[in-house]
Amino acid sequence: MTKRSVILGLLCALLVSGFGYFHDCIINADAYIMLVPHLMPHVVYGGLLLLVLANPLTRLLRCRPLAGSELAVITGLCLVGCAVPFYGLVHCWPSALMLPHHCYRLTPGWQREHILDLVPSFMLTDVGSDRGADALTGYVAGTARGQGHIRPAQVPWDIWLAPLRFWVPLVLSISVGTLALAVVMHRQWSRHEQLPYPISKFTALLFPDDPECVLRRRSFHIGLWVVFGLHMVNYLQAWWPEYLVPVRLRLDFSALVPLLEPLTWGDGWSLFTPRIMFAVIGIAYFFASDVSLTLGLTPYVVCYAIGMLTSYGFQVTRGFSMFNNGTVFLYAGGYVGIVLMALYTGRYFYGNLLRQGLALPCRERAEPYLVWSMRVFLLCMGVFYILLCYTGVDWLLSLYYTLMALVVFIAVSRAVAEAGGFYIGTWILPGAIAWGLLGPQALGPTALATMVLVSIVVLVGPGWAPMAFAMQALKLADLGK
């Protein structure tokens with residue numbers, strides 16, 4: 001690790017985290033084109049490839065070319081910064097704090113039932129004054145005139161700062177806590193269980209000082225330029241459709257629907273029109289064939305099972321996907337199973353480290369940084385739990401919510417480390433799961449509304465979680481030495 005690698009990595013992280021929201025919500029607000037669309041963002045890995053290719057040119061500036069260890073630091077810091085701009089951290093904060101007031105204005109049912117009184121006032125902006133009402137109208141309709149933008153001084157900061165006194169400690173506690181947990185679990189997964197980390201392993205093969213660098217292989221260049229050519233043909237065809245014929249990357253097997261109709265009953269329509277994704281094909285070579293086979297067959301098995309249940313009258317996929325949808329409970333069961341398996345496999349390591357972190361007798365001494373990571377994790381999750389209790393949620397429900405949030409982050413990180421799953425499209429909201437298991441009367445509307453509001457900020461985008469990005473960064477640090 002060198003000073004320039006740390007400085008360049010922090011600058012790249014600031015660029016991604018600072019420019020990401022502007023890119024997604026201002027420049028491409030209508031096109032829905034995201035700078036960080038998943039856990040393998042093009043802006044990082046494409047930028048790394050360009051940096052590696054341009055690395056020899058640094059000699060023209062009389063600078064030493066970047067070593068693999070420096071590239072690992074730069075890429076790792078940039079990856080962790082990718083958790084900031086979209087759903088992983090700050091994307092939903094403004095809407096969660098302000099839009100409930102807008103819905104209250106437009107929905108008579110909300111007004112009749114006094115919905116906003118169910119959550120503590122410090123979790124939302126105060127729009128009771130004239131200034132607050134103007135801020136709400138400005139947030140929904142905009143305050144700028146013409147095509148320009150308002151100045152930062154015109155933003156009603158006092159309206160926003162009051163609820164952020166609660167939200168900033170809440171989000172920082174779980175974010176820093178899961179980053180510390182990533183350090184602990186990475187040691188178990190990487191050293192003891194020898195998980196493959198397919199994305200990080202391929203990334204390390206781009207480093208120029210790696211003895212197996214793929215840039216020195218002719219077969220890699222052939223595959224690279226073939227795939228690049230296919231994408232360029234489709235790109236140029238979008239500009240000149242009358243002159244070029246596109247290369248179809250989506251196959252159409254819809255003629256087989258009458259033979260496999262139960263798949264469609266289980267929302268498996270997309271299985272008949274699969275899309276060729278070269279990144280997924282490449283990553284599949286980096287993990288075991290049985291894992292690859294499982295990932296390929298599971299969607300068909302699950303959709304067929306759901307379709308058969310539907311044919312018997314049990315609607316699994318009916319309802320809003322974040323709440324009363326049976327599929328969400330299937331996801332939750334799968335996530336819990338993955339986490340229980342991971343904890344059981346590393347029970348000796350985690351138990352020993354926990355005892356050492358709490359200054360209790362232990363059989364084996366771990367490295368100091370692992371002990372302090374465990375302590376930071378425990379402290380941060382304790383702060384998160386206390387803040388949940390402060391909102392009025394029962395202490396037992398707050399404990400359940402904290403554990404379920406950890407289940408989501410650990411399972412997503414495990415998918416990245418073991419199978420290279422870079423796009424996670426599942427939602428698991430602890431409030432919705434408790435609602436389905438216990439019923440709304442057992443929980444009460446206040447606890448449900450509070451947990452849903454917290455989930456909108458914390459858990460609405462598990463596929464952009466800081467812990468999952470940190471796992472990739474830590475493995476890159478190991479591979480880059």
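Placing +1 on the Cβ of every Lys and Arg and -1 on the Cβ of every Asp and Glu, with no other charges, gives the range 7-143 a dipole of roughly 640 debye about its Cα centre. Considering only Ala133, Val233, Leu161, whose Cα is most displaced toward the positive end of the charge dipole of the chain, charges sitting on Cβ of Lys, Arg (+1) and Asp, Glu (-1)? Toward the positive end, the furthest listed residue is Val233. Once all protein chains are placed together, Ser69 keeps about 30 Å² accessible to a 1.4 angstrom probe.
For the range 209-273 versus the range 340-382, the spacing of their alpha-carbon centroids is 45 Å. Label 7 Å along Cα→Cβ of Lys481; the range 60-77 residues with amide nitrogen under 12 Å? 68-70, by backbone N distance to the label point.
Looking at the range 349-422, the trypsin sites (Lys or Arg not before Pro) that sit in a DSSP loop and have at most 15 other Cβ atoms within 10 Å of their own Cβ are Arg363, Arg365.
For the set Ile338, Ile433, the ranking by accessible area, highest first and with no ligand, DNA or RNA atoms included, is Ile338, Ile433 under a 1.4 Å probe.
By accessible area, using a 1.4 Å probe on protein heavy atoms only, the range 1-158 has 65% of its surface on carbon and sulfur. The portion of the accessible surface of the range 283-366 made up by carbon and sulfur, rounded to a whole percent, is 68 (1.4 Å probe; DNA, RNA and ligands excluded). Of the two radii for the range 180-332, the radius of gyration is 1.07 times the Kirkwood radius, both from the alpha carbons; that is the Rg over Rh value. For the range 148-239, the spread of Cα coordinates along the three principal axes comes to 60, 51, 22 Å, biggest extent given first. Can you bin the range 335-453 into rounded, prolate or oblate? Criterion: square roots of the alpha carbon gyration tensor eigenvalues sorted a ≥ b ≥ c, rounded for a/c under 1.5, prolate for a/b above b/c, oblate for the rest. Because a/c hits 1.5 or more and a/b fails to exceed b/c, the range 335-453 counts as oblate.
Need one word for the range 106-206: rounded, prolate or oblate. Basis is the Cα gyration tensor (sqrt eigenvalues a ≥ b ≥ c); a/c below 1.5 gives rounded, then a/b vs b/c decides. Prolate is the answer for the range 106-206, as a/c is 1.5 or above and a/b outweighs b/c.
Going by accessible surface with a 1.4 Å probe and the largest first, Tyr285, Tyr350 read Tyr285, Tyr350.
A full extension of the chain between Val291 and Gln147 corresponds to an added length of 46.7 nm, given 0.36 nm per residue minus the alpha carbon distance. Summarising the label geometry, the points placed 7 Å from Cα in the beta-carbon direction at Leu50 and Val301 lie 4.2 nm from one another. Note on exposure: Phe286, Phe166 ranked by accessible area (1.4 Å probe, complete protein assembly) read Phe286, Phe166, with the most exposed listed first. Note on Val6/Thr137: beta-carbon distance plugged into 1/(1 + (r/R0)^6) with R0 of 60 Å gives a FRET efficiency of 0.85.
Applying the criteria of a DSSP loop state and at most 16 other Cβ atoms within 10 Å to the trypsin sites (Lys or Arg not before Pro) of the range 201-279 yields Arg217, Arg248. The structure shown yields P(r) over Cα pairs in 20 Å bins from 0, in percent, and of the options (i) 19, 44, 29, 8, 0; (ii) 24, 58, 18, 0; (iii) 19, 52, 27, 1 that calculated value carries the label (iii). Isolated cysteines of the chain, defined as having no other cysteine beta carbon under 4.7 Å away, are Cys25, Cys63, Cys82, Cys92, Cys103, Cys213, Cys303, Cys362, Cys380, Cys389. When a 1.4 Å probe is rolled over the protein heavy atoms, the share of accessible surface on the range 426-471 that falls to carbon and sulfur comes to 73 percent. Taking every protein chain into account, the accessible area of the chain amounts to 54 square angstrom per residue (probe 1.4 Å).
The values are calculated or read from the model by the stated rules, or taken from the named source; none is laboratory data. Remember, predicted model here, so these are calculated numbers, not experimental data. Please note: Cβ atoms are built from the backbone with ideal geometry, for glycine as well, and neighbour counts cover all protein chains shown. Quick note on the areas: whole protein, heavy atoms, side chains included, nothing else; ligands and nucleic acids left out. Shrake-Rupley method; radii C 1.70, N 1.55, O 1.52, S 1.80 Å.
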